[in-house]
Structure formats: C-alpha cells, structure tokens
Amino acid sequence: MSEDSPEPTADRKRANNVSAEIEAFTKVVAALHDLDDEGRIKLLRTVATFLGIDAFNASPTAAIPAGRHPAATSAPSSIPVPAGNTGGFSEDRAMSPKEFLLDKRPIQDIERIACLAYYLTHYRDTPHFKTLDLSKLNTEAAQVKFSNAAQAVDNATKAGLLVPAAKGTKQISAKGELYVQALPDRAAAKDAIAHFRQRRKVRRGRSGGGSQNSSSEAYTGESEE
Amino acid sequence: MAAPAVPERTSAVRIAMFNHKGGVGKTTLTTNVAFALARSGKRVLLVDSDPQCNLTSYLIEDAVVNDLLDRSDSDDGQTLWSAVKPIAESAGDVRIIAPIEVQSGLFLLPGDVRLAEFEQELHTLWGESFQRRPRGFRGTTALSKLVNAVTEQHQIDYVFYDSGPNIGALNRVILLDCDFYVIPAACDLFSVRAIKTLGHTLGTWIRDWDTISSLAPDESYLFPGRPRLLGFIPQRYRVYGGRLATEYAKFIPQIEKAIQADVVTIMLRLGPSLAPVRPDALRLGDVRDFGSAANASQRLGVALSDVESASQEQRADAARTFTSIANEIVSRSAEVVTT
C-alpha cells in the first residue's frame, strides 16, 4: 500500500490512537493535579458514568457513598455476592468503621461484635479474626470500649452470630451476616434470623433423637448479656 | 541557607491537670471533663503523659493497650514513646503519630511505660538547652510539637495533659507547654502539704524557662512557659444526707488557703497574668466520691454519667458536676485569652 493512501493503515490508526490517548492523558492528569485523592476518584467515576463506561467494574460498590451500601439499607434475602468482585473478598473500602457502626447502630455488645466482624470480613479482607482484631477495630471505630471483649465474642458465638474458624480464630456466620445486613432495622434483623435453621447434633442409636442445642439458641435480639 | 520554618502554635487551649500527689483523681477528672466538652461539640485531645498509662487504660481495652505497648518500639508504633523515640535515641526529630479517636470528637495520644526512659533523657536535654544546643531545644519541646501538629490536623479546641504524680522533667515540659493548669486536690492533710511545694516548684520551672528561652537561637520552637492557674477542684469527698461529710469539709478551706499562700502568691510575683487575683475565683467546682461508679466508668471507658450500673441520682450528679466544670474551664480560659 502506498504512503499517500486515503485510508490510514492499521498501524497508523493505532499510532493516532496512542497519540490521542497520550494527549488526553496529559490533559486529564493536569486537570486532576490540584484535587485530592477523594476528589480525583469522584471526578473519574463521574466522567465514567457520564460516558456510560463501566470503568470500575473491578470494584463496583466502592462508589456508593457511606451509608448507602446495599448491606446498610435493607435486608436482602440472601448474602450478597458483589458482582464483578473477582479479586479480594472486600466489597467496599470507602466506608470507615466509624461510619459503618454509626449506620448500623448496634445496641448490645454482641451486636457490635457482629458488626465489627462483618466489617473485617467485607471491608478489610479479614474473614478470620481474633478478639484482638475486633477490639482494635472497635477502637478505630471510636466506640465505647468493651468491658470484656472476650466475653462479648463468646456470647456472640453462643448466639450463632460468629462461628469458630481455624487456629482459634472466629468468623462471621451466615446468620450473623443476615443479622448485620438487616440492621439498623431491628425488627427486620430479628425477622431475618428468626427462621434460620440451627444445626442440630443427631445422636444415633437413640429413639428420641435428642438434640443438643445448649449454646446456640436462636438470637432474638432481645436478650440482655 | 534559610532557617527551618518554626511551626506556628495552634489556637487549641492546652490545659494540664496537675498535682504531684497521687490518688487525687486526676485521670477521672481529666477524662470526664473531656467527655463533657466533647459532648458539647468541642474537639478534645487527651495526652496521656503519665508513664503509668492510666488514661489510656481508662479509654481503650486492655488487649489493645497491650498491643500498642508491644509495638511502640517499632517504626509504626502509635504511642507517645514511638513519637519521641528518635529524640531519645538521638536519631532525629519527633515523629508525628496519629491520635486514636476513642469517641466522637474525643482523641487520645496513648501513653507508654517507656516515657519514663524519655523522662531520664529530658534531664539531659534541659541541661543542653541551657547550653544553647539545638538538640536540647528540639527534645525539650518535642511533645509540644507533636501536640501542635495533631491539634492542627484534627482541628482540636482543647488539649488536656494527664500528668503523672511527681515533680519530674516530663511534668516540667508539660506544664511549660500549657496555657493553663488545674489543681485537683483530695480532701486530706497530705494534699494540703503537697500544695505547699507545688507553687515553689512551678515558680522555679517558669524562671528557668525564661532564662532558657531568652538564650534560644532564633529558629527554635519554644513553648510559652507561662502557665496560668485556672483554679482548684476539691475531689473525692463523701456526701451524707446531701451535705459534705465533716471529716472532708474541714480540709477544703485549708486547701484553698494553701493554694492562695503557696501558689497564687508566688505566681503573682512572677506575673499578674499567672493566677486569678480574686480569691473567690479559685474554686472551679467540686467532685464528690462516686465510689464503685468510678470503677465501672474506668472498666467500661465511658463517662461517669453514662455508667448504667450507677444510680439515677449518681449519673445526674456526675453529668451536672463535669458539665459545670467544663463550662467553667471554657469561660475562664476564653476570658483570659480574649483579655
């Protein structure tokens, strides 16, 4: 093909595109230069939305402002799996633990433990944790200190909101997730776990099939510690 | 070469609760006044400058305190020791650490048992300041610079230093950095005796700092070195039938007299702005003995007025007491600052 061909070659097209991209990149960087990180992210997301580009598919919920997280507003029928979240376990790092707990408004210690566990799991990539991790997050969230954090964790476990994980750590249970997702609507939270099936130990060889469920009475949200 | 920029002192009001006698209730008073101020919308920074870390333990769970102390020597440590370690080890200037927001609007710079080591170093640094050595000035004012940076970053209105029960180098730099100090005093004979030495010590500190600051190189960061007595607070007395128990009541006039004779007189000799002139303006308020409610408050890390196990009357009394003291502190400090 001759050089003065009216139709640009694929190479020339690519070169033009790269050049245009570099020029646009320089302009965008210059425009963003004076903004802080939060302002830059906000603007980039606005531009992507304006152009109809799904540019932030890797973390789609991160743009949702604090207090508007799906888990914070309604009680879903099942545990949400973030769409497009192919990397880590975290859905959202935008909301601080303080905002999260302000939004959930836990009253009792075990509710606060469940909320902290939820935050560690979904916002901090920490599905397994120790009491110290919950205590540290509680401090970070500017909450009143636990009079006995170990006891609160134990109570949350007995209520079925946490379950044991490997090497002495704990993790939030499915029931715990449902409960936290429904908060701060306490009636909805109670409702969400009301019909949650408890795992029962079946004793073989006994006609009565007696179930032992001493430590995991369904948490009703009404009991005092 | 241009001199390094000296950070400007922020407008946050810095107050020390100071009495070198132990067990007078400094930490409980500091914490509850801070809670009351934070509740009224002020942004408050608590600095646990007592190596015993009682204030930190009051507000943060033991496991977290232990973790903070375990990691304070590392590069990402978050206690006061982590901040001043470069000074103590002659490895650089103070490291600015982030405070912990323990409740909304209430921040804490956690204490550390190793502050006792820094206190040893402060003796040397004080001597070096007299010799006009930059390291002396840098170390002596390290805590002040840290507090300055934190108050600027977090728009703090009031800073409270919780001091240890001694007359040491650490308390010297704290008092000299403060705009005001409050004397909490238990209603007993030992408190009366302790006050007699307090005024003389403070007078010596102020005079020494006058000398040091007059010798300081131009680019040095200096603290004001003119703490003003805001008042005293009789504490931990018992009340029977709504009236002060006789065994405690008799000490209050004695404390007032000792403060007038051995603190106010000395301070007024150093400058008319260093103490209230009117004797009736000395008392900032009273704090009765809240008994087991005080223990519960420390265990739970909440204000005395929020302790659920306390009686309704105790909670109301605590709320009234500390709000009144907080208001007095705000109005008296504002009065002095504006005049």
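Quick notes on this one:
- Close contacts from segment B:300-316, counting a first residue that is open to solvent by 10 Å² or more (accessible area, probe 1.4 Å) and a second that is hydroxyl-bearing (Ser, Thr, Tyr), with Cβ to Cβ under 6 Å and a gap of 6+ residues or different chains, come to B:LEU300/A:SER147; B:ARG315/B:SER305.
- Test set (1) crowded, with 22+ Cβ neighbours inside 10 Å; (2) modelled with pLDDT under 95 - B:MET1 fails condition number: (1)
- Tally, over segment B:138-154, of residues that are part of a loop (DSSP other than H, G, I, E, B) and out of contact with any Ser or Thr (no Cβ under 9 Å at 6 or more places or on another chain): 1
- Yes/no for B:VAL159 being open to solvent by less than 10 Å² (accessible area, probe 1.4 Å) and in contact with a Pro (Cβ under 8 Å, 6 or more places away or on another chain): no
- The conditions of being surrounded by 23 or more Cβ atoms within 10 Å (Cβ to Cβ) and hydroxyl-bearing (Ser, Thr, Tyr) are not met by A:TYR123.
- Residue within segment A:78-91 that is at pLDDT 90 or above and away from every other protein chain (no Cβ under 12 Å) present: no
Conditions (1) modelled with pLDDT of 90 or more; (2) touching a strand residue (DSSP E or B) at 6+ places or on another chain (Cβ under 8 Å); (3) open to solvent by 70 Å² or more (accessible area, probe 1.4 Å), marked per residue:
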| residue | (1), (2), (3) |
| --- | --- |
| B:PRO224 | yes, no, no |
| B:GLY242 | no, no, yes |
| B:ILE255 | no, yes, no |
| B:VAL264 | yes, yes, no |
| B:MET267 | yes, yes, no |
| B:ALA275 | no, yes, no |
| B:LEU282 | no, yes, no |
| B:GLY291 | no, no, no |
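- When B:VAL113, B:VAL102, B:VAL13, B:VAL33 are checked against the criterion of being β-branched (Val, Ile, Thr) and either within 13 Å of chain A (Cβ to nearest Cβ) or without any contact (Cβ under 8 Å) to a residue 60 or more places away in the chain (or both), a single residue qualifies: B:VAL102.
- Residues within segment B:64-98 that are within 11 Å of chain A (Cβ to nearest Cβ) and either in contact with a strand residue (DSSP E or B) (Cβ under 8 Å, 6 or more places away or on another chain) or surrounded by 20 or more Cβ atoms within 10 Å (Cβ to Cβ) (or both), tallied: 4
- Neighbours by Cβ (under 6 Å, 6+ apart or cross-chain): first from segment B:63-74, under 11 Å from A:LYS136 (Cα atoms); second in a helix (DSSP H, G or I) and open to solvent by less than 20 Å² (accessible area, probe 1.4 Å): B:ALA63/A:SER135; B:VAL64/A:SER135; B:VAL64/A:THR139; B:VAL65/B:THR56
- Assessment of segment B:120-127 against the conditions (closer than 17 Å to B:SER214 by Cα, away from every other protein chain (no Cβ under 14 Å) and at pLDDT below 90) yields no matching residue.
- Among the conditions (1) surrounded by fewer than 17 Cβ atoms within 10 Å (Cβ to Cβ); (2) among the small types (Gly, Ala, Ser); (3) within 14 Å of chain B (Cβ to nearest Cβ); (4) within 17 Å of the chain's Cα centre (by Cα), A:ALA174 misses just one, which is (3).
- Filtered residues of segment B:298-337 (kept if hydroxyl-bearing (Ser, Thr, Tyr) and within 14 Å of another protein chain (Cβ to nearest Cβ)): B:SER305, B:SER309
- Within segment B:156-193, the residues that satisfy the criterion of being assigned to a helix (DSSP H, G or I) and within 25 Å of B:LEU46 (Cα to Cα) are B:ALA169, B:LEU170, B:ASN171, B:ARG172, B:VAL173, B:ILE174, B:LEU175, B:LEU176, B:ASP177, B:SER191.
- Residue count, segment A:144-153 (criterion: more than 7 Å from every other protein chain (Cβ to nearest Cβ) and surrounded by fewer than 22 Cβ atoms within 10 Å (Cβ to Cβ)): 3
- Flag for A:ASN138 being under 19 Å from the mean Cα position of the chain (by Cα), within 12 Å of chain B (Cβ to nearest Cβ) and not charged (D, E, K, R): yes
The values are calculated or read from the model by the stated rules, or taken from the named source; none is laboratory data. No experiment lies behind these values; they were computed from the predicted model shown. Using ideal geometry, Cβ is built from the backbone for each residue, glycine included, and neighbour counts are taken over all protein chains shown. Only protein heavy atoms, including side chains, enter the accessible area calculation; ligands, DNA and RNA are left aside. Shrake-Rupley method; radii C 1.70, N 1.55, O 1.52, S 1.80 Å.
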